[in-house]
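The values are calculated or read from the model by the stated rules, or taken from the named source; none is laboratory data. As the structure is a computational prediction, the values presented were derived from the model and not from experiment. Backbone-built Cβ (ideal geometry, glycine too); neighbour counts: all protein chains shown. Accessible surface areas use protein heavy atoms only, side chains included; no ligands, DNA or RNA. Shrake-Rupley method; radii C 1.70, N 1.55, O 1.52, S 1.80 Å.
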Number of protein chains: 2
Amino acid sequence: MNKDEALAQVKEKLTAHRYTHTLGVKETAISLAKQIGVDSEKAEWAAILHDYAKFRPKEEMKTIILGEGLDPDFISYGEELLHAPAGACLVRDELGISDADILRAIMWHTTGKKGMDGLEKVVFLADYIEPNRNFPGVNAVREEAEKDIDRAVILALSNTISFLLKKSQPVFPKTLEAYNDLIMTKHK
Amino acid sequence: MNKDEALAQVKEKLTAHRYTHTLGVKETAISLAKQIGVDSEKAEWAAILHDYAKFRPKEEMKTIILGEGLDPDFISYGEELLHAPAGACLVRDELGISDADILRAIMWHTTGKKGMDGLEKVVFLADYIEPNRNFPGVNAVREEAEKDIDRAVILALSNTISFLLKKSQPVFPKTLEAYNDLIMTKHK
């Protein structure tokens, strides 16, 4: 499968709005990858496929997550967390994507986790700041991303946690672990 | 040891400012305990002793925490977390306090934790809202405490986490666990 075929597969499964978002993530991920010396081919592949499972039935995604033995917190902390881990499994099984780096970047693109590698940071951040995104705080993260990817990821994680707290929603524990990990590394 | 003797012990070890705070926590804890049907004698004891270790040398407190096999996160997430677990050990060893409920309420009064019992909530909250406290958001927590202790604890935890995020400080993982636990229980 080449990238055009992958895009066609994704386009078929997403709304027009979400497909436009995916194209934005693709361009942003390529750019961020080049900025910090991460493999931009892998970044492009992960970005193209990151929302592959976005509109799958929730029950199907839950079954996949449990069946694969993934962190059950993906299921108990809000349904918007399902598509990233389920998507990683589905692009592997349905599209034959076998690159572990790409699959991991898809898996963690919504929540983040402790010890993110460069590719994981790039896809997480591209998803947050791609040009079609428009929500309070996004411009500050865009500005930070031009200077320091780690600080941009910290700010995005911090904004996400604060947003959930304000809405009295639960916070996925590994998202806090991602924040703490980067904050403590930066302060060392 | 009676309560007057305990207060004298505490007064000797605290600044005037911190002793005034302790008296405020004592009155607030008694009142909250009565409000939700928790043993107000235990609440009073825990409140009197909750800051016993506040001005101990940091190194002494770290040694106690490690020696007792307590969560090492108490040491790595900021020095202001040391006095609660170290204090629980010190009032047991130096003052002969053996009541496990009181010791636990002292242990978790700064951070909170998953599965807090009524006494732990009372002391955590009294420490946050006693009348001498004056910081942004404290009045909203006071108002909530009059209606629903759990919601007041959620709000205090949420404020604490938001405050740390804004300051780019690490967040003790069990504080998020306490928040998630209460949010998820409330929403069930």
Practice problem: Test A:R151 against the criterion of being part of a loop (DSSP other than H, G, I, E, B) and either away from chain B (no Cβ under 14 Å) or not β-branched (V, I, T) (or both), and give yes or no. | Solution: no
Self-check item: Criterion: under 25 Å from B:N159 (Cβ atoms) and either more than 10 Å from every other protein chain (Cβ to nearest Cβ) or part of a helix (DSSP H, G or I) (or both) - qualifying residue of A:L125, A:L157
Solution: A:L157
Exercise. For region A:62-99, enumerate the residues that are out of contact with any helix residue (DSSP H, G or I) (no Cβ under 7 Å at 6 or more places or on another chain), open to solvent by 40 Å² or more (accessible area, probe 1.4 Å) and under 17 Å from A:D51 (Cα atoms).
Key: A:E80, A:D93, A:E94, A:G96
Quiz prompt | Selection within region B:160-169 - of a type in the set (S, T, Y) and at the interface with chain A (Cβ under 9 Å from one of its Cβ atoms) | solution = B:S162, B:S168
Quiz item: Looking at region B:124-143, is at least one residue surrounded by fewer than 19 Cβ atoms within 10 Å (Cβ to Cβ), under 21 Å from B:E27 (Cα atoms), modelled with pLDDT of 95 or more and among the hydrophobic types (A, V, I, L, M, F, W, C)?
Solution: yes
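For region A:108-116, check the following and say yes or no: at least one residue is assigned to a helix (DSSP H, G or I) and surrounded by fewer than 13 Cβ atoms within 10 Å (Cβ to Cβ).
Narrowing region A:108-116 to residues assigned to a helix (DSSP H, G or I): none.
Among the residues of region A:108-116, not one is assigned to a helix (DSSP H, G or I) and surrounded by fewer than 13 Cβ atoms within 10 Å (Cβ to Cβ), which makes the answer no.
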Quiz item: Is there a residue being within 30 Å of A:A152 (Cβ to Cβ) and free of Cβ contacts under 8 Å to residues at least 40 places away in the same chain anywhere in region B:103-115?
Solution: no
Practice problem: Taking A:L81 as the residue in question, decide whether it is touching a Phe, Trp or Tyr at 6+ places or on another chain (Cβ under 7 Å) and either within 29 Å of B:I183 (Cβ to Cβ) or acidic (D, E) (or both). | Solution: yes
Practice problem: Output the residue which, of all residues in region B:170-188 that are more than 7 Å from chain A (Cβ to nearest Cβ) and in a loop (DSSP other than H, G, I, E, B), is most open to solvent (accessible area, probe 1.4 Å). | Solution: B:K188
Self-check item: Among (1) small (G, A, S); (2) without any contact (Cβ under 8 Å) to a residue 12 or more places away in the chain; (3) open to solvent by less than 40 Å² (accessible area, probe 1.4 Å) - the single one B:A16 does not satisfy
Solution: (3)
Practice problem: Taking B:E41 as meeting all but one of (1) touching a residue at least 12 places away in the same chain (Cβ under 8 Å); (2) farther than 29 Å from B:P170 by Cα, write down the number of the exception. | Solution: (1)
Exercise. Any chance you could count how many residues in region A:1-36 are more than 19 Å from A:A126 (Cα to Cα) and among the charged types (D, E, K, R)?
Key: 4
Practice problem: Could you figure out which of (1) without any contact (Cβ under 8 Å) to a residue 12 or more places away in the chain; (2) part of a helix (DSSP H, G or I); (3) more than 9 Å from every other protein chain (Cβ to nearest Cβ) isn't true of B:A145? | Solution: (1)
Self-check item: Among residues of region A:47-61, those that are open to solvent by 10 Å² or more (accessible area, probe 1.4 Å) and either hydrophobic (A, V, I, L, M, F, W, C) or without any contact (Cβ under 8 Å) to a residue 12 or more places away in the chain (or both), counted
Solution: 3
